[in-house]
Amino acid sequence: MKKQKQDNPFNLVAEEIIFIILDLLNRNSLAIKSFSLVCKSFYAVESKHRCSLKPLRQERLPALLSRYPNITHLDLTLCSRVSDASLSLVSHSCASSLRSIDFSRTPLFSTYGLLRLALNCKNIVEIDLSNATELKDSALAAVAEAKNLEKLSLARCKSITDMGVGCVAVGCRKLRFICLKWCFGVGDLGIGLLAVKCKHLCFLDLSYLPITNKCLSSISKLQHLEELILEGCFGIEDDSLAVLKHGCNSLKSLDVSTCQNISHNGLPSLINGALGLRQLTLAHGSPVTSSLADCLRKHSMLQSVKLDGCFVTDDGLKTIGNWCASLRELSLSKCLGVTDEGLSSVVTKHRDLRKLDITCCRKITDASIASITNSCKSLTSLRVESCTLVTREAFVLIGQRCHLLEELDLTDNEVDDKGLKYISRCSELSSLKLGICLNITDEGLIHIGKGCSKLVELDLYRSEEITDSAILAIAQGCPGLEMINMAYCKYITDRSLLSLSKCPQLKTLESRGCSLITSLGLKAVAVGCKELTKLDIKKCHNIDDAGMLPLARFSQNLRQINLSHSSVTDIGLLSLSSISCLQNMTILHLKGLTPAGLAAVLLACGGLKKVKLQATFRWLLPLRLVQYLESRGCMFQWKDKVLQEKLDPKCWKLQLEDLMP
Amino acid sequence: MLSDNRIKAPVQDGVVNQLVQASKVQDWDPSAMLDNLSFLEQKIHQLQDLVHLIIGRKGQVLGRPDELVVQQQQLVTADLTSIIVQLISTAGSLLPSGKHTLPAATPSLEQSGQFGGVVFPSAQGPLNDGFQPQNAGGSKVSGLPNSVDISRKNGNEQNHIIEEHELKDEEDVEEGESLIPGTYEILQLEKEEILAPHTHFCTICGKGFKRDANLRMHMRGHGDEYKTPGALAKPNKESGSEPTIIKRYSCPYTGCKRNKDHKKFQPLKTILCVKNHYKRTHCDKSYICSRCNTKKFSVIADLKTHEKHCGKDKWLCSCGTTFSRKDKLFGHIALFQGHTPAIPLEEAKAPAGPSDQGDGNQSTNKVGSMNFNFSSNVSSESEVQSSTDIKGSIDDPAGYFSPLSFDTCNFGGFHEFPRPPFDDSESSLAFLLSGSCNYPQKSED
């Protein structure tokens, strides 16, 4: 043994250097795993090095925490439940090291556990309690014991009130970041107190709270506030804003989307002092007229403006064109009233635009695309979804002029193979969405496969002309592909899956409605794509239990699966229970599924968090079983949608529900 | 009117002197006093101007009929009377100890004539000197029995006490009194008299009034003879030169402990006691609290007091202070360092997850106890608390929450002061007595 130790060259390397190597490996979990399995000393080094942990089940916590003593960040989001016992274990074993803990989406812990955590882990600075809808004020009183807390997220904690927020405000004086989105019970008083007590606040998310201007005056006195989100605060209106002399001077980002009561009269009160404003979101608000746009004329630091869903006038857009600032990001998604003239006047002035979203601007034509591509050559992201008046020739311009594009959304457009040929010149492209592009064929995609080697995400939803050769070209040309959607591409066969099995990074595969693929193709993917986490094979009638067995064996990272309308039976499902990550399962309309088999499957898959089942099973499964599973952290969604008639291929566009993947 | 012996000096020596004297007395509100004095100053200046005017006119229009002279005289006298009354009330607020002993030991002035003569020998003399007109007043106007006349002076003062401060335990207070049967006169009013809304009636037009003072004000409209200072002044029937028989009251309800035929008869002290006792004990409770819709009262003042404090939500601070309104609690917390909202206990017992059945029970128990600890920690750790305590009696929460002490601690009688006294004689008197009533609680020793 001794000799062996001397032979190991890594013994001569300082631990810090190995740590640096591990830091570089950090992105690849498999690599880290392999490293730790080399030898005992590597194992020990890796145990010391790891500082963040994302366990799947709370049952493993004791072993994990004793193996990794230096955990600073604990992410419990994958655990279907976290009991108080686990929390007190955490609070004992990571008493001094733990700095951040994430409970979002994790139900079933009580005030007591939180209190233990807050009292024992003195150095904790970040707690995420999002989606704890049952969380009561008393739990916040426990959180308030964490005196060093800087970051707290309470999104969707619907049961908390001003009292709890008041406790946090008094207890956690160092708080810098707090998210109270959808905490409907919190009003002016709680927020006002928060602003009075926590002077260091720099991020404040108050979306959808029933607050009025009463708390705004104390918020405006916060010296360090940089980001303020007031989305959907309907109680804030022009008249009351007028009283406010000036908003926060330090403000850098403001979101007042869906605040329909804030117009050009009230907006200046919020932003007048904030000359450093960089980001402004006015989505779904009052119409963007020249008077509204005029409010922002002098904000020279402004970089990003989002006007999604607003009514936009030409004058408004022209005024935006005259701003001091040079915008980097502009979103006009689903804006009514955007015309060629208005859009051109904006893009010709803001030539530095990096991101432009003109989704569903249905009035714009080729002229807009021409002026966009002409002026904004440094665009990295362009979303042109459903701009139906834009002809196929215009897409050539995008490829010709915007070579820096990384993200391109052409869903539901007239783009054709020629357009794709030019778009393949964008060698940086990582995300390409070509859903419902009925004019594209294999030819165009072969160009993409040759030109865009950095492609990570490809959406071909219902681009029906696509066949195996296109997928082959993509799989060969884009080795980094992580996500592909081939839903309803009816000519796709097992050969496509075989070629995709050569993409080792593939995480998401959607082949819904590809009725030609079989278990054989699925097996190839399972073997080749170890990282697969999401799989949707709904309506793949030829996939049966034979496809499940390799999945169960090889796809140990699989987290979400949709098997509706396939030919899988009890046996195939039961085999899936060996995938410990599996959390989300949709199993509707499985002919071979029996109540007894289902019960066995549900019991065997210990990590399940969400199961979509037909409503008929609700009465066929023993009530006690359902209760037990629910107590284990599994949520049931009972669907009683009757099997739809086969859609008429001509009218599927109208079936908006089905449009959503 | 115990204060009168002290007030005599200020009347003669002037306002400044009064201030000097006043400063010797503890427990008075200087700012209210100052307001009051400046008001007086204004009044005096007005009167001065008036007299100047009269002098000037005398020079101009000589030989006018005597009527004018009489009118002017009346005007001046009325103004002077108002100033004097104002002065008395000002000085009255300075006499805590005297005020204290008066209502507790000697419930009515009649008694002070008897007992008080010993304790404050000088009390009666100066009073009569300074306020001659008072003796002259007091023409019997009401057709009510003798007993009601007593209430003319004391009854309406007592009324104020009740309405302002809700001496609910007044019946209890007098229980301590042990008068030997036979040493006092027992009066019994009929039910109709007790429930009558008005006790003072105008002999000319028949209009009814709750207070004698209001009636006197009303009488002015019936002719000049009612405008004389004597007619306007407070009737002071028993001048105190001869001792009066103590009067006690019996409830007309047979079988009641307060009825004179009861074996353990306990008399009621004043007319007001009779009224409130009868309404509370033998009448329907027709006033319902609009907030909780459950509490009922037969005396409207009781309802008002209850409504002040009614509210299902008691907003509680970690220091133990409760607030009837949430915004008040948050204002309090925003102001004081270390104070934090206290979460009610029942809520603190969060449901343990159904899966935690193993340690579920245990943990819920702990939650409760932890929470106790938790809140007590908070209150003890905040050393600021002691300095910022507004109310001193937090150690005794039971006493703290009782509405009576809450009332007396929080609301002094001074709120209503700055009103000009003669515009509404009621309110000026209210001030006088509410102020006096406020003190006893503070200077218990």
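The values are calculated or read from the model by the stated rules, or taken from the named source; none is laboratory data. Note that the structure is a prediction, hence the values are computed from the model and not measured. Note that each Cβ is placed from the backbone with ideal geometry, even for glycine, and that neighbours are counted across all protein chains shown. Ligands, DNA and RNA are excluded from the accessible area calculation, which covers all protein heavy atoms including side chains. Shrake-Rupley method; radii C 1.70, N 1.55, O 1.52, S 1.80 Å.
Here are some notes:
- The charge dipole of the stretch A:144-273, taken about its Cα centre with unit charges on the Cβ of Lys, Arg, Asp and Glu (plus for the first two, minus for the last two), comes to roughly 540 debye.
- Phi to ³J(HN,Hα) by Karplus 6.51 cos²θ - 1.76 cosθ + 1.60 over the stretch A:324-331, Hz, x for Gly, Pro: 5, 6, 10, 6, 9, 9, 9, 10
- Theoretical FRET efficiency, 1/(1+(r/R0)^6), r = Cβ-Cβ of A:A596 and A:S427, R0 56 Å, to 0.05: 0.50
- Förster radius 56 Å - calculated FRET efficiency between A:L438 and A:K33 (Cβ-Cβ, nearest 0.05): 0.80
- Length-normalised contact order of chain A in % [C-alpha pairs under 8 Å, at least 6 apart]: 4
- Using a probe radius of 1.4 angstrom, the carbon and sulfur fraction of the accessible surface of chain A is 54%.
- Karplus 3J(HN,Hα) series, Hz, for the stretch A:250-255 with 6.51 cos²θ - 1.76 cosθ + 1.60 (x for Gly, Pro): 7, 4, 10, 9, 10, 10
- Sorted on the mean count of surrounding Cβ atoms within 10 Å across their residues, most packed first, peptides B:82-92, B:259-269 read B:82-92, B:259-269.
- Derived scalar couplings ³J(HN,Hα) [the stretch A:432-437; Karplus, 6.51 cos²θ - 1.76 cosθ + 1.60; whole Hz; x for Gly, Pro]: 10, 10, 10, x, 6, 9
- Net charge in the neighbourhood of A:D294 (other residues with Cβ under 14 Å of its Cβ; Lys, Arg +1, Asp, Glu -1) is +2.
- Separation in nanometres of the label points that stand 7 Å from Cα toward Cβ, at A:D23 and A:E59: 3.8
- Partner chain coverage, peptide A:283-290 - average Cβ within 10 angstrom: 0
- Heavy-atom surface of the stretch A:410-503, accessible at 1.4 Å and reported per residue (Å²): 34
- Heavy atoms of the protein chains alone define the surface here; on that basis the stretch A:1-127 has 53 Å² accessible area per residue at 1.4 Å probe size.
- For B:L187, the residues 5 or more places off, or on other chains, whose built amide H falls under 5 Å of its own are B:R248, B:Y249, B:S250.
- Relative contact order (%) - criterion: Cα under 8 Å, at least six apart; region: the stretch A:340-434: 26
- The convex hull around the C-alpha trace of chain A, projected and averaged over every direction, spans 31.1 square nanometres.
- Contact surface B-A: accessible area buried, both sides summed, square angstrom, 1.4 angstrom probe: 2400
- Percent RCO, i.e. relative contact order, over the stretch A:218-303, from Cα pairs under 8 Å lying at least 6 residues apart: 29
- The label-point distance for B:T203 and A:S96, in a model that sets each label 7 Å from Cα toward Cβ, rounds to 9.6 nm.
- Test item: A:154-161 mean partner chain Cβ contacts at 10 Å: 1
- Seen from A:G266, the other residues with C-beta closer than 11 Å to its C-beta sum to a net charge of -3, counting Lys and Arg as +1 and Asp and Glu as -1.
- Tail beyond 20 Å, pair distance distribution of the stretch A:573-639 (Cα, percent): 15
- Length released on extending from B:N259 to B:C292, taking residue separation times 0.36 nm less the Cα-Cα span: 8.5 nm
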